[in-house]
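To start, the structure under review is shown below, and the notes come after it.
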Amino acid sequence: MKNNVSIKEIVRLFLKLGFLGFGGPAAHIAMMQQEVVAKRKWMSEQHFLDLLGATNLIPGPNSTEMAIHIGYDKRGWKGMLAAGLCFILPAVFITGIFAFLYRKYGHLPEVELFVYGIKPAVISVILGAIYPLAKKSVKTFFLAIMAITVLITSLFGINEIYLMFGAGLFGVAYFYVQTIKHQNTLQNVIPFFILQLGGTTLFSEINIRLFWIFLKIGAVLYGSGYVLFAFLDTELVQAGLLSRQQLMDAIAVGQFTPGPVFSSVTFIGYQINGISGALWSTIAIFLPSFVLVALINPLMKKMRQSKLLSVFLDSVNVAAIALIASVCFTMGNEAIADWRTLLIAVISIFVVFRFKKLNSAFVILGGAFLGLLLYQL
């Protein structure tokens, strides 16, 4: 694996992903897998899986935390900041433009034609990424059964954090039962959650309120960015800071702009208190992710050295892959609505699996182009 990765390489990669990362967390992680594991050989499939499992065990936006993990893993805290900021800032910048236009003109520009072909193409990118990860993570028949169970229960609406921790704990229990006759496995357990939290308009009352609201959400919100909107309804709409129509429009912006869905917070902060509101809201929602990744990442290799915790990671990893597959299935139901989108999906899947070294950005752009052509038919 390549270890001498420069800050410049990290910046280039995550700026590209920030500008071209359409499709939500699952698609972002798929693109990272292709770029970091398959193309650049920065890390092994197994280590990528371990980091993916770690992002699902801590609160915050999964794909953003994955970017921060990769940066930290290659160049320490400098790499962490470079990867995280370069992945976040393009989405924040684009969302900020939409926020300005929305506040000035009162509506969003028409984007349906643009996203029509992107959605089915994104599904092919996700499938192309989870296939090698699934082969790597499903090491035993027990893990295969666990993956199928998590996938099915996820489709029935069971909360993903329950599934993640449940899979990990069930895997540990199974391992303990299998080995208790031979040795005392408790000696392998090591502590692995150690937390060390070590008069202008910017500091107006409303900005301070926004900062604490979004800091709290960023520190406790598990799962994908889409869960964010339920929190926002409670914290902002019901409190009278935001209208429900503004919240719906913020959701729309998060859906059709690249990068993390959490950038919708930039849009919301701008509507409530202009540029300063957007700034404080954005910093607050992403800050916990940087802190948590910096604390957890150094412990990942130590966890692999423990047999018991290694089983826990393996179980969490297959659950993470199953959850991504579940998201892909749900997205497919929504995105493939007619023969045009079905055709785009089939062509995209063929391209992804036939030309494995092709950059996923070209697949997504190709889907958008096909969508523009076929939409007129």
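The values are calculated or read from the model by the stated rules, or taken from the named source; none is laboratory data. What you see is a predicted model, and the numbers here were worked out from it, not measured in a lab. Here Cβ is always computed from backbone atoms with ideal geometry, including for glycine, and neighbour counts include all displayed protein chains. Heads up: the accessible areas ignore ligands, DNA and RNA and are worked out on the full protein's heavy atoms, side chains in. Shrake-Rupley method; radii C 1.70, N 1.55, O 1.52, S 1.80 Å.
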Can you grab the distance from the C-alpha centre of the stretch 1-29 to the C-alpha centre of the stretch 43-62, Å, no decimals? 15
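Once the Cβ-Cβ distance between PHE350 and PHE170 is put in as r, and R0 is 41 Å, what FRET efficiency do you end up with, to the nearest 0.05?
On the way: r = 37 Å, r/R0 = 0.91.
The pair PHE350/PHE170 has a calculated efficiency of 0.65.
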What is the gain in length, in nm to one decimal, between LEU377 and ARG304 on full extension, counting 0.36 nm per residue of separation less the C-alpha to C-alpha distance? 20.9 nm
By its C-alpha gyration tensor, with a ≥ b ≥ c as the square roots of the eigenvalues, how is the stretch 285-332 shaped: rounded for a/c under 1.5, else prolate for a/b larger than b/c, else oblate? oblate
Under 1.5 on a/c is rounded, so check that first for the stretch 209-355, then, if it is not, pick prolate when a/b is larger than b/c and oblate when it is not; a ≥ b ≥ c are the square roots of the alpha carbon gyration tensor eigenvalues. oblate
With no solvent and one point on each alpha carbon, what is the Debye value of log10 I(q)/I(0) for the chain at q = 0.07, 0.11, 0.13 Å⁻¹? -0.31, -0.78, -1.08
For the stretch 58-63, take each phi angle, set θ = phi - 60°, evaluate the Karplus expression 6.51 cos²θ - 1.76 cosθ + 1.60, and give the result in whole Hz per residue in order, putting x for glycine and proline. 10, x, x, x, 4, 5
Accessible-area ranking of HIS28, HIS47, largest first, probe 1.4 Å: HIS47, HIS28
Reachable lysines, given that their alpha-carbon falls under 24 Å from the alpha-carbon of LYS41 and they are not under 8 places away in the same chain: LYS2, LYS8, LYS16, LYS74, LYS78, LYS135, LYS136, LYS139, LYS301, LYS302, LYS356, LYS357
With every protein chain in place, the accessible area of VAL11 for a 1.4 Å probe, in Å² rounded to the nearest 10, comes to 40
Filtered trypsin sites (Lys or Arg not before Pro), the stretch 1-85: DSSP coil and at most 11 other beta carbons within 10 Å: LYS2, LYS41
In the full protein assembly as shown, how much of TYR131 is accessible to a 1.4 Å probe, in Å² to the nearest 10? 120
Rounded to the nearest 10 Å², the accessible area of ILE324 at probe 1.4 Å: 20
